[in-house]
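Asks: The structure's right below; bear with me while I get my questions together.
Values in this text are rule-based calculations from the coordinates and carry no lab data. Because the structure is predicted, anything quoted here is derived from the model rather than measured. Neighbour counts are summed over all protein chains in view; Cβ atoms, including those assigned to glycine, are modelled from backbone coordinates with ideal geometry.
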Amino acid sequence: MTPRLPEAPEERIRFETDLWKAELSSKGAGLLSWQLTEYVDKSVVGDPLVELTTLDEPGRVALETPLASLGLGDLSRAGWKVEDRSAYSVAFVQDFGGALVRKSYTFEPGGYDFRLRISVENGTQRTLSPTFEIRWPASRRESPDFKEQTLIAQHQGELERGRLDSLGKEGLFSMGSTPMEGTTFPRDVEWAGVELRYFLAAFVPEVPRETGAQFRPIEPATAGDVAIAYRPTEVPPGQSATREYRGYIGPKRVERLEPFGVGLESSINVGWAWMQPLTRFFSWLLQLCYAVVPNYGVAIILLTILVRLVTAPLTQKQMRSMKGMSALQPKIKELQAKYADDRQRQSSEMMKLYKETGVNPLGGCLPLLLQFPVFIGLYYALQSSIDLRQAPFVGWIQDLSIPEEIFSIPGFDIPVRVLPLIMGASMILQQRMTPSTMDPAQARMMMTVMPVMFTVLFYQFPSGLVLYWMVSNLLAISHQLWVNRK
């Protein structure tokens, strides 16, 4: 027969610093709320501070400890007693069937980090094997910050992610039978938690090689949690064991994450490994532009102009090469017709023509290919910068990190967005001005398909990225006009 668990009235403890507000409950000895005082959630009515605990059901707490190995069932919501409290620390204690368990929190007032220590003193007549498991819940929330909510773990040096909106959903070949199970990492977990696009809740065990993690679906695509646990530790009668986690709940800022020394900063999406130096350079350049003009929209325009100036020689070479190739098309077609049955002679005559006219057939391709890493680096720099979150530009564009919207068409709920439409129009104009070696019918089709495709694609992009691409197109048009005039 399972012994009756001790009951205690709920007691709530609040802490507050210049960076965050926290509320803990003695029911479960866990976290009820963690709000960031420097960031607001404009989708919330009333208290607008960003709340990073997403509790999927009433009565649940974050950082709950099931303690199932004690043989008393799930103790996640059991009552605890407040044993000790100071300005930035609190300890909960409870006797569970002879096992005295303590959960102690020590917060860092100047940062977003804290330490959670769990100890078990075995006062029973049997050997206990606690896993010191903690859980952090994640549930869907209607807020731009939570659209990309993802369960994350660093396992053997590699980041593993599971999007909440796909966790627990049926697989492609499951034929509607059983939802997909969560992902399990049995050991060697350096840290695990839940990430948003700009925020992170991560928990670092003191002994990674003995720690595992699991992404657990609770309600398919709606609610789940990350469970982090040590391997079972044998605690004989009369002895005790203690395990510790270091937690971080705050913004994704490199200067805050790097001091942990376990790669928390890798949660900031700065692209592939070979792209990261370029992304960091553009992030630095964006901050430099912002220091000159304290408006991130104007800073993006300045950054785009700088990039265009640096890449201007390559772009000009590409434009001239394409114009030269366009001018040679009649002669190339003559050679193709004249030597239609002799491919080798056709190739040699065409190379002779290129040499005489000084036109490089690859001159229009290579500079274009060299610009792709620049675009990708800029993309990740703008996409990952928390400084663009809720950063206003001008007029109706009050948040460069989300798609802008001037109004919505009544009855259809279709947003009207100005920047993508201008960008699409600029692409049409740019293509009309750019010399082409394509068949006229194919060129006309591309002039229609490409701008429409890019407009649809960019319609869902953050306005900061659309602004960059639009300004880049307008600068390219100006450059093309100058080249054509010369």
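Asks: Could you estimate the translational diffusion coefficient of the chain from the Stokes-Einstein equation, with Rh from the Kirkwood formula over C-alpha pairs, at 37 °C and 0.692 mPa s, in whole µm²/s?
Replies: Working: Rh = 26.5 Å.
Translational D for this selection: 124 µm²/s.
Asks: In what sequence, highest mean first, do 234-240, 137-143 appear when ranked by Cβ atoms within 10 angstrom? Write down the numbers at each step before the final one.
Replies: On the way: 234-240: 13.1, 137-143: 18.3.
Listed from highest to lowest mean packing, they are 137-143, 234-240.
Asks: Among the chymotrypsin sites (Phe, Trp or Tyr not before Pro) within segment 258-352, which fall in a DSSP loop and have no more than 14 other Cβ atoms within 10 Å of their own Cβ? Walk me through the numbers before you get to the answer.
Replies: Details: sites: Phe260, Trp272, Trp274, Phe281, Phe282, Trp284, Tyr290, Tyr296, Tyr339; in loops: Trp272, Tyr339.
The qualifying sites are Trp272.
Asks: Quick one, can you get me the convex hull of the C-alpha atoms of segment 214-302 expressed as volume per residue in Å³? Write down the numbers at each step before the final one.
Replies: On the way: hull volume 17.5 nm³, N = 89.
Taking only Cα atoms, segment 214-302 has a hull volume of 197 Å³ per residue.
Asks: Still on this structure, please answer the following. What is the diffusion coefficient of segment 12-268 in µm²/s, taking the Kirkwood radius over Cα pairs and the Stokes-Einstein relation at 25 °C with a viscosity of 0.890 mPa s?
Replies: On the way: Rh = 18.7 Å.
Answer from the Stokes-Einstein relation: 131 µm²/s.
Asks: So how much slack lies between Ala337 and Ile414, counting 0.36 nm per residue of separation and subtracting their Cα-Cα distance, in nm? Working shown, then result.
Replies: On the way: separation 77, 0.36 × 77 = 27.72 nm, distance 5.22 nm.
Result: 22.5 nm gained on full extension.
Asks: Sticking with this one: Each residue of segment 224-234 in turn: what ³J(HN,Hα) in whole Hz from Karplus with 6.51, -1.76, 1.60 and θ = phi - 60°, glycine and Pro shown as x?
Replies: Those phi angles translate into x, 7, 9, 9, 10, 8, 7, 5, x, 10, 6 Hz.
Asks: Quick one: Cα centre-to-centre distance for segment 69-135 and segment 285-304, in angstrom?
Replies: Each part's Cα centre sits 48 Å from the other's.
Asks: How big is the dipole moment of segment 12-268 about its Cα centre under a simple scheme where the beta carbon of each Lys and Arg is +1, that of each Asp and Glu is -1, and everything else is neutral? Debye, nearest 20, please. Working shown, then result.
Replies: Numbers: 31 positive and 38 negative charges, 84 e Å.
Using only the charged Cβ atoms, the result is roughly 400 debye.
Asks: Arrange the peptides 120-130, 466-476 so that the one whose residues have, on average, the most other Cβ atoms within 10 Å appears first. Could the numbers behind the result be given before it?
Replies: Details: 120-130: 17.3, 466-476: 22.0.
Sorting 120-130, 466-476 by mean packing, highest first, produces 466-476, 120-130.
Asks: Relative to the longest principal axis of the chain, what angle (0 to 90°, nearest 10) does the C-alpha long axis of helix 463-485 take?
Replies: Between helix and principal axis, roughly 10 degrees.
Asks: Helix-only mean residue ellipticity at 222 nm, the chain, DSSP H runs n ≥ 4 weighted -39,500 (n - 2.57), per residue, nearest 500. What is it?
Replies: Numbers: 9 runs with 155 residues, N = 486.
Computed ellipticity for the chain at 222 nm equals -10500 deg cm²/dmol.
Asks: Can you tell me the 0 to 90 degree angle between the C-alpha axis of helix 276-292 and the longest principal axis of the chain, rounded to 10?
Replies: The helix 276-292 is inclined about 90 degrees to the chain.
Asks: Amide H neighbours of Ala78 under 5 Å, at least 5 residues apart or on other chains, H built in the peptide plane: list them.
Replies: Result for Ala78 returns Gly28.
Asks: Within segment 22-99, which trypsin sites (Lys or Arg not before Pro) sit in a loop by DSSP and count at most 15 neighbouring Cβ atoms inside 10 Å?
Replies: Working: sites: Lys27, Lys42, Arg60, Arg77, Lys81, Arg85; in loops: Lys42, Arg60, Arg77.
Taking segment 22-99 and a limit of 15 other Cβ atoms within 10 Å, the loop trypsin sites (Lys or Arg not before Pro) found are Lys42, Arg77.
Asks: Can I ask one more? Testing the spin-label approximation: label points 7 Å from Cα along Cα→Cβ at Asp18 and Ala221. State their distance in nm.
Replies: Using points 7 Å along Cα→Cβ, the separation is 4.5 nm.
Asks: Tell me, what is the percent relative contact order of the chain, built from C-alpha pairs under 8 Å that lie six or more residues apart? The partial results should precede the final answer.
Replies: On the way: 932 pairs, mean separation 49.6, N = 486.
So the answer I get is 10 percent.
Asks: Can I ask one more? Evaluate the relative contact order of segment 12-268 (contact order divided by residue number), counting alpha-carbon pairs under 8 angstrom at least 6 apart; express in whole percent.
Replies: Numbers: 656 pairs, mean separation 44.2, N = 257.
Taking the mean separation of contacting Cα pairs over the length of segment 12-268, I get 17 percent.
Asks: Between Glu83 and Leu314, what is the spin-label point distance in nm, taking each point 7 Å from the Cα along the Cα→C-beta axis?
Replies: For the pair Glu83/Leu314, the computed spacing is 6.2 nm.
Asks: Could you give the angle, 0 to 90 degrees to the nearest 10, between helix 343-357's Cα long axis and the longest principal axis of the Cα atoms of the chain?
Replies: The answer is roughly 80 degrees.
Asks: Using a simple spin-label model with points 7 Å from Cα along the Cα→Cβ vector, what separation in nm is obtained for Ser326 and Leu421?
Replies: Inter-label distance under the simple model: 2.9 nm.
Asks: Calculated FRET efficiency, Asn484 and Glu158, Cβ-Cβ r, R0 41 Å, to nearest 0.05?
Replies: On the way: r = 50 Å, r/R0 = 1.22.
The computed FRET efficiency comes out at 0.25.
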